[in-house]
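The values are calculated or read from the model by the stated rules, or taken from the named source; none is laboratory data. None of the values given here were measured: they were computed from a predicted structure. Don't worry about glycine lacking a Cβ; one is built from the backbone with ideal geometry, like all the others, and counts go over all protein chains shown. With ligands, DNA and RNA removed, areas are computed over all heavy atoms of the protein, side chains included. Shrake-Rupley method; radii C 1.70, N 1.55, O 1.52, S 1.80 Å.
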Amino acid sequence: MRYIYSIFFLYSLSIFAQNKPLDIKIDSIVSKDTISGARKYTITYHIENLTDREISCFLNPKQLIPAHYGSMGTSPLFKLYQNNDIVAVSGILNNSLTNNTIEIPDFSNIKDEKERKLAMKNFFKEKLHINTDSLDLNNTDFEEGMAITSPPSPMENIYTLKPKEIKTISQLFYWDKTRYYKQDGYEHYLDEKSVFSIELYLVLLRDQYKERLLPEEFEKVTADKNFIQGVFTSNKMEIDFK
């Protein structure tokens, strides 16, 4: 049911993007092996205002995050493909060699309480290596015990582009050349004979943030005809995993 809802949610947002006031495009992907043996990628892309007016949106382009982490945040998303099949595995591309930078998803957007707690439990076990097997999902203190930090207000991430403005952004990723991954019973192998590519997404939310904004903030952004929302997809570009 959640999968069907997500498809409908993204489709409904795409209606807003049909006039395409904004474009996102990958310009280049440069790869280089480091002294430690890991591979370093520099992904350069740009966001362009296609209109003759200034536009704004909720967006924080400082960090690309995997699309399967969810689309309710303000970060741009990326999808990794192997022979045109989505690779829905975490930890392949990391922001540092030591993988110390971890983005915590906004679990508050999962409305079903049991589903939310299970997602939190799995995330902390998988990403932070915290043993959560003994935690009781029915315990009312569960979420407090997980010490989840509330996400920042979307108002802290208002992004503005002047008419026809183009902003170029570069993102560094590292791959430690691990090829076999196993997560939650799901196994995946990065075959060096495969063709890999990456694609970027901007899922720009506005109306969906009503519960996270003050009434006057929500009224202000929805009344602004130049405050956009919608789903915008980049081109695909090959990335070297050989």
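In the stretch 23-91, with Lys and Arg counted as +1 and Asp and Glu as -1 at Cβ, which of these residues, THR51, ILE24, SER75, has the Cα nearest the positive end of the dipole, that is, farthest along it?
Selected residue: SER75.
Given a Förster radius of 35 Å and the C-beta distance between ALA38 and GLU211 as r, what FRET efficiency does 1/(1 + (r/R0)^6) yield to the nearest 0.05? If you can, show how the numbers build up before the last one.
Values: r = 41 Å, r/R0 = 1.17.
So, using R0 = 35 Å, E works out to roughly 0.30.
Would you mind checking the pairs LYS182/LYS242; LYS162/LYS236; LYS20/LYS193 and listing those with alpha carbons more than 28 angstrom apart? Show your work: numbers first, answer last.
Working: LYS182/LYS242 20 Å; LYS162/LYS236 26 Å; LYS20/LYS193 36 Å.
Pairs exceeding the cut-off: LYS20/LYS193.
What nm value, rounded to one decimal, do you get for the distance between LEU97 and THR178 when each label is placed 7 Å out toward the C-beta?
Placing both labels 7 Å along Cα→Cβ, they lie 1.7 nm apart.
Under a 1.4 angstrom probe, counting protein chains only, how are ASP23, ASP33 ranked by accessible area, largest first?
Values: ASP23 30, ASP33 80 Å².
Ranking ASP23, ASP33 by accessible area, largest first, yields ASP33, ASP23.
Excluding SER96 itself, what net charge comes from residues whose Cβ is under 12 Å from its Cβ, given Lys and Arg +1 and Asp and Glu -1?
Values: positive: LYS40; negative: ASP176.
Local net charge: 0.
Taking the Cβ-Cβ separation of ILE86 and LYS162 as r and a Förster radius of 35 Å, what is the calculated FRET efficiency to the nearest 0.05? All intermediate terms of the calculation are to be shown ahead of the outcome.
Values: r = 35 Å, r/R0 = 0.99.
Computed FRET efficiency for ILE86 and LYS162 comes out at 0.50.
Given 0.36 nm per residue, what is the gain on full extension from ASP27 to GLU48 after removing their alpha carbon distance, in nm? List each step's numbers first, then the result.
On the way: separation 21, 0.36 × 21 = 7.56 nm, distance 1.23 nm.
Gain in length upon complete extension: 6.3 nm.
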